[in-house]
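Have a look at the structure below, then the notes.
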Amino acid sequence: MTQEEIYTEAIGQIQARRRNAERTQELRIVQIQREIPETAELDRQLRTACLDITHALGRPDNQARLAAIERHCKEADAMLRQLLTAHGYPEDYLDLHYSCSLCDDTGFVGGKPCQCLKQEIGRVGTEALNARSQLSLSRFSDFSLSYYADLPTDQYYTMQQNFAACQQYAAAFSAETADNLYLCGGTGLGKTHLSLAIANEVLKKGYNVIYDSAINLMHTLDQEQFRRTKESSDSLPALLECDLLILDDFGTEFDTAFSRSMLYTIINSRINARKPMIINTNLTHQEVKDRYGDRILSRLLSSSRILPFYGKDIRVHRKAETG
Ligand SMILES: Nc1ncnc2c1ncn2[C@@H]1O[C@H](COP(=O)(O)OP(=O)(O)OP(=O)(O)O)[C@@H](O)[C@H]1O
Ligand SMILES: [Mg+2]
Ligand SMILES: [Zn+2]
């Protein structure tokens with residue numbers, strides 16, 4: 001999805017909200033006029049008053065006339081509200097109820113994009129990226145510590161703490177206050193499982209979460225760059241803006257100048273903007289340093305809670321179990 005397509009889709013959603021609000025109001029008017037026939041007469045009076053105002057505005061010395069119409073409108077409006085409450089409805093039942101009171105579902109305030117539009121652009125962009133990463137969510141309830149039972153006590157204890165830390169992270173998540181998690185260790189130890197369980201919970205809270213593996217993400221960005229032959233790519237804004245970015249298999253992407261600089265940009269910008277990330281890797285600290293440099297490693301480590309994973313590959317464990 002290009003940035004333009006994302007924008008068009010988001011605007012379309014906002015306009016649909018507006019139409020929906022207007023449609024709801026029309027339906028309510030019809031329903032109430034059937035149920036409380038007096039309201040039809042008040043409605044007619046209010047409409048006539050609108051016409052009267054238009055006429056009066058065209059005349060000189062119209063002050064007294066306008067004041068009279070205004071008084072009349074206020075009275076009719078008050079009576080309408082009284083009738084509604086008398087019949088058990090909220091007094092604003094027939095008002096237009098927009099989803100966003102800042103822009104009345106137009107998407108713009110003073111010519112600038114409203115925050116609801118920005119949020120919608122983020123949501124559409126996030127969905128587009130996640131559709132490509134085949135996000136399939138796992139759960140904390142499917143995570144078992146029994147796989148680590150054979151480990152030395154300190155390592156078992158660390159795995160127990162990792163599990164608790166991920167659950168706490170998900171439960172306490174807020175885009176403004178969450179910090180970064182850095183999950184590192186051998187293959188098949190539950191890093192992806194726990195990060196997707198976090199994604200599951202955080203998505204339920206209504207946040208934008210992007211989950212992708214470094215390989216897949218670099219492939220996407222590389223293709224976008226190729227197609228548009230331009231510096232900036234379409235996915236980059238969503239990657240920088242989303243509430244939580246989960247970068248899986250960090251270090252398994254093809255090591256090119258492009259992937260290094262992209263990953264550097266993403267990680268560095270999000271650290272600067274204090275936007276939370278979860279990074280999973282099989283690489284040792286030394287390997288990360290050799291590949292991406294000292295600076296990014298130290299920034300990552302100092303801004304993250306580090307969760308080291310221990311154990312035997314659970315994929316192998318399971319194969320042995322099922323025979
Ligand atoms: N503690 C656990 N309880 C139950 N299932 C687990 C546990 N840990 C991992 N699994 C399952 O084992 C498989 C491998 O785990 P996962 O993909 O999370 O490993 P990983 O640490 O991300 O490995 P890699 O570094 O190779 O990406 C998955 O199917 C996952 O659901
Ligand atoms: Mg994994
Ligand atoms: Zn708005």
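The values are calculated or read from the model by the stated rules, or taken from the named source; none is laboratory data. Values in this document were obtained by computation on a predicted structure and should not be read as measured data. Positions of Cβ are backbone-derived with ideal geometry, glycine not excepted, and every protein chain shown enters the neighbour counts. SASA here: full protein model, heavy atoms, side chains in, ligands and nucleic acids out. Shrake-Rupley method; radii C 1.70, N 1.55, O 1.52, S 1.80 Å.
The packing ranking of peptides 169-175, 71-77, highest mean first, is 169-175, 71-77, where packing means the average number of other beta carbon atoms within 10 angstrom of each residue. Please name whichever of Y89, N272, A197 sits farthest to the positive end of the charge dipole of the chain, dipole taken about the Cα centre and charges placed at Cβ: Lys and Arg +1, Asp and Glu -1. The Cα lying farthest towards the positive end belongs to N272.
Amide H contacts of F108: C114, each under 5 Å away and 5 or more positions distant or on a separate chain (H built 1.01 Å from N in the peptide plane; Pro and chain starts excluded).
Placing unit charges on the Cβ atoms only, positive for Lys and Arg and negative for Asp and Glu, gives the chain a dipole magnitude near 340 debye about its Cα centre. Between the beta carbons of I53 and S261, assuming R0 = 51 Å, the FRET efficiency works out to 0.25 to the nearest 0.05. Protection proxy ranking for 19-25, 126-132, using the average of other Cβ atoms within 10 Å per residue and placing the highest first: 126-132, 19-25.
Can you pull out the chymotrypsin sites (Phe, Trp or Tyr not before Pro) in the range 241-274 that DSSP calls coil and that have at most 15 other Cβ atoms within 10 Å?
Here the chymotrypsin sites (Phe, Trp or Tyr not before Pro) that fit, given the DSSP loop and packing criteria, are F254.
Extension gain for N268 to E287 (0.36 nm times residue separation, less C-alpha to C-alpha distance): 5.0 nm.
Residues S304, S298, ordered by accessible area of protein heavy atoms at a 1.4 angstrom probe radius and largest first, appear as S298, S304.
Here the extension length gained between C73 and K204 equals 42.6 nm, from 0.36 nm per residue of separation less the Cα-Cα distance.
Absence of a disulfide-compatible partner, taken as no other cysteine beta carbon within less than 4.7 angstrom, is noted in the chain for C50, C73, C166, C184, C242. Think of the range 134-322 as having a plus end and a minus end, set by charges on the Cβ of Lys, Arg, Asp and Glu; of G185, M262, T281, M262 sits farthest toward the positive end of this dipole.
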